[in-house]
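The values are calculated or read from the model by the stated rules, or taken from the named source; none is laboratory data. Please read these numbers as outputs of a predicted model, since none were measured by experiment. Counting neighbours? That spans all protein chains shown, and the Cβs are built from the backbone with ideal geometry, glycine included.
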Ligand SMILES: [Zn+2]
């Protein structure tokens, strides 16, 4: 019997269900498969439907919570999701039929995040009869992660109020232990000019020309932001900088309708990533002040608006949760993983927002094409993640509470 027979069998079942988060397909079916799976393992399981807080539609948003109760007063949360992004075109494998080939298992969701789910359930199956496992484990399997998580993790943390002593988000890579993530700020600048005939530019004010002035001051602002402050948290291995830095990207520019019309309006959007260990509200105020000043100095007719803010978060790299994860990776792989903060955002923010210490880890290795064509998971990563989780929970009481 293969060492991964259980995990591959379950992964195959999960991958065969197209759980596209845009269309909310097979949510009910998938949550029932997971519920039955947990019961087969002798674990407690319950469904929490997040549709109750959503006003836009009445489609089910079943989230599954699987309980391994060891009668402990310490509970470790494991956070995963079963929804997926659409496969897109160009696959050489069937995205909805798990194909195992040369140490890899192909399929949409194989790594993100159905691979994470099977590693967690595989770990819980082992921990159930393991007497050295002395903490409770609550596995959270949400829907809608890929579309913001309102009926998923947000519902579970804010309404159901699921809490734990610490949380591991199993929706990340096995290359490092992630102890935090950057915050995100989205800005919108609406530039006004005066529309006119391209043959008579002197009678118009070209909104694109005006917008370019603002884009170039945003480039200066980016340099200033980076020079001003850098994080105390290391950046992921292979990053161009050793510590997490602020990033600003102009991501959208919309203007113009026809070649011979000088546009009267131009819409600029940017994405600003904060340091995990800074207050994003301060950055928001500074950014608003900078742009308003520039606009006034240049005499451009423009309105600035912050349209989205999501704070970053971090868990101190010396926290027992991070240490136990580092020790476990050393035990299982012979080598301790480095600790770093994520450059992107993740669901850890919701739990960190209610003061639960969070770390992230999982089978989404670089190069496994998650969200891309021919997504796969390395079989060795499924067992690595599972075995690390088992190790963290063995004598976990002492490890997590020291
Ligand atoms: Zn994911």
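Key figures
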{"quantity": "Of all residues making up the stretch 14-39, the number that are buried (at least 16 other Cβ atoms within 10 Å of the Cβ), without any contact (Cβ under 8 Å) to a residue 24 or more places away in the chain and part of a helix (DSSP H, G or I)", "calculated": "1"}
{"quantity": "Candidate set from the stretch 359-374 (those that are within 15 Å of the ligand (Cβ to nearest atom) and surrounded by 24 or more Cβ atoms within 10 Å (Cβ to Cβ)); member that is farthest from the chain's Cα centre (by Cα)", "calculated": "363"}
{"quantity": "Strands (runs of 3 or more DSSP E) contained in the stretch 113-192 and holding at least 3 residues assigned by TED's automatic domain parsing to the domain that holds residue 387 and closer than 22 Å to residue 59 by Cα", "calculated": "136-142"}
{"quantity": "Residue in the stretch 375-382 that is in contact (Cβ under 8 Å) with a residue 24 or more places away in the chain, part of a helix (DSSP H, G or I) and away from the ligand (no atom under 16 Å from the Cβ) present", "calculated": "yes"}
{"quantity": "Test: residue in the stretch 94-101 that is within 16 Å of the ligand (Cβ to nearest atom), surrounded by fewer than 21 Cβ atoms within 10 Å (Cβ to Cβ) and either over 21 Å from the mean Cα position of the chain (by Cα) or assigned by TED's automatic domain parsing to the domain that holds residue 10 (or both)", "calculated": "no"}
{"quantity": "Top-ranked residue of the stretch 332-349 - restricted to ones that are in contact (Cβ under 8 Å) with a residue 12 or more places away in the chain and more than 14 Å from the ligand (Cβ to nearest atom), ranked as surrounded by the most Cβ atoms within 10 Å (Cβ to Cβ)", "calculated": "341"}
{"quantity": "Tally, over the stretch 272-305, of residues that are surrounded by fewer than 17 Cβ atoms within 10 Å (Cβ to Cβ), touching a helix residue (DSSP H, G or I) at 6+ places or on another chain (Cβ under 6 Å) and not in a helix (DSSP H, G or I)", "calculated": "0"}
{"quantity": "Qualifying residue in the stretch 251-260 (condition: at pLDDT 95 or above, closer than 17 Å to residue 224 by Cα and in the same structural domain as residue 229 (by TED's automatic domain parsing))", "calculated": "no"}
{"quantity": "Residue match in the stretch 253-271 (condition: surrounded by 18 or more Cβ atoms within 10 Å (Cβ to Cβ) and within 22 Å of the chain's Cα centre (by Cα))", "calculated": "yes"}
{"quantity": "Considering residues of the stretch 315-329 that are touching a strand residue (DSSP E or B) at 6+ places or on another chain (Cβ under 7 Å) and in a loop (DSSP other than H, G, I, E, B) only, the residue nearest to residue 232 (Cα to Cα)", "calculated": "317"}
{"quantity": "Residue identified as more than 15 Å from the ligand (Cβ to nearest atom), in the same structural domain as residue 383 (by TED's automatic domain parsing) and either surrounded by 15 or more Cβ atoms within 10 Å (Cβ to Cβ) or in contact (Cβ under 8 Å) with a residue 12 or more places away in the chain (or both) among 86, 62", "calculated": "62"}
